[in-house]
Every structure is written in structure tokens, then in C-alpha cells.
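The values are calculated or read from the model by the stated rules, or taken from the named source; none is laboratory data. Keep in mind that what you see is a predicted model, and the values were worked out from it rather than measured. Every residue, glycine as well, gets a Cβ built from its backbone with ideal geometry; the counts of neighbours run over all protein chains shown.
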Amino acid sequence: KEAEISIESNKISTGVEYRRINREASVNYPEAGKKTVYRVDTGEELGIQDMTLQELQRELPFGDAVKPEDGEPEKKAKKAKKEVFVEDETVS
């Protein structure tokens, strides 16, 4: 209870509130090595950023392949999904 009061008091005195938001990135857009970041809830473009080394590394399309000796056919690779992540945003 005391922590909640402190948080609310801080919001009032600073005029700033931090909220968790879902964001989505379109990679290699508008050019290779860049990503455009959007808010999921509003679709608002938040900006263009350089892709990280991890983002630049492509995944191979093996998916959930089953070994042939198991007697089952190989499963198809899953379709690539857009990156979705959550970050704090300052709301004034």
C-alpha cells in the first residue's frame, strides 16, 4: 500500500508516468540493416533504428524437423514472425 502511494505521488510531482507498451519491428525496412519500430496498440511509428547483430543473423528454415530414422516425415518450417517486444515509454 505504501509503495503504491509513493508511485502515485511521484507521478503527480514529476508529471511523468512510465507504462509498458508492446512494440513491433519491421526488419530490413526502409533499408537493409535498419528496422522500423511501431506501437502495436496504435500503429504509431516510433522511429527507425539500426538492427542488432542478433537481428542481422538470419535463422535457417529448418523449423521442427524430425529425423528420418524416427519414421515420421519432416515437419514444415514455421513462417517468420515480426519481432514483438515490450518497452517502457514515458507518457507526459
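Key figures for this structure:
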quantity: Candidate set: segment 13-37, residues that are among the hydrophobic types (A, V, I, L, M, F, W, C) and surrounded by 10 or more Cβ atoms within 10 Å (Cβ to Cβ); chosen: the one farthest from ASP50 (Cα to Cα); calculated: VAL16
quantity: Every residue from segment 31-50 that is part of a loop (DSSP other than H, G, I, E, B) and either under 12 Å from the mean Cα position of the chain (by Cα) or at pLDDT below 90 (or both); calculated: VAL40
